[in-house]
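These notes are about the structure you will find just below.
Read the figures in this text as sums done on the coordinates, not as results from a lab. All figures in this text were calculated on a predicted structure; none of them were measured in a lab. Every residue, glycine among them, receives a Cβ derived from its backbone with ideal geometry; neighbour counts consider all protein chains shown.
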């Protein structure tokens, strides 16, 4: 049976992961409305990844004998100031998620729950990738900002991204 503090913290993170999915879906809609279908596709894949993350924690909590408590998901923003603003918000959000995951690891250590700590290491590694990707795309957008051709090429490149669920 999982410790009640860890159960509550994992439930909070499940909600945070669903919020992340909701945020990226909102970003996808916004990008579609300003005619960046490739960027919108990239965000749609992010939406799917975040749902996967939430479900992975959901399943783990049940496996450990905990209770899943789904709560209200806050409404995400619906407008930004263009693709650079969207990807800056993405990077900022991923950095916040990294902090949350790290805090969960520290709590698992404090509660001496090695199984939760080991489980969370997948998310620690995932966050390194998430931040790196967001930072790289933001940098590319800043380089391409003054070139419509470069923006179009980047948009087309991001249109090819597909969601492939990671091996559990």
For this session: Provide 124, 162, 167, 97 in ascending order of the number of other Cβ atoms located within 10 Å of each residue's Cβ, fewest first.
Result: 167, 162, 124, 97
Seminar exercise, completed: Comparing 14, 84, 62 in a Gaussian network model of the chain (Cα, 10 Å), the one with the largest mean-square fluctuation is 62
Exercise. When a footprinting reagent is the concern and you count Cβ atoms within 10 Å, what order do 26, 147, 20, 85 take, fewest first?
Worked result: 147, 85, 26, 20
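Fewest first, what order do 43, 1, 57, 96 take by the number of other Cβ atoms within 10 Å? Mind dumping the intermediate values first?
Details: 43 26, 1 7, 57 23, 96 12.
Least crowded to most crowded, the residues run 1, 96, 57, 43.
Ignoring everything except DSSP H segments at least 4 long, calculate the 222 nm mean residue ellipticity for the chain; use -39,500 (n - 2.57) per segment, divide by total residues, nearest 500. Provide the component values of the computation, followed by the final result.
On the way: 5 runs with 127 residues, N = 168.
Theoretical 222 nm ellipticity from helices: -27000 deg cm²/dmol.
Normalised by the empirical 2.2 N^0.38 Å for globular proteins, what value does the Cα Rg of the chain take? Write down the numbers at each step before the final one.
Values: Rg = 17.2 Å, N = 168, 2.2 N^0.38 = 15.4 Å.
Here the answer is 1.11, to two decimals.
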Exercise. What percent do you get for the relative contact order of region 71-168 when only Cα pairs under 8 Å and 6+ apart count?
Worked result: 30
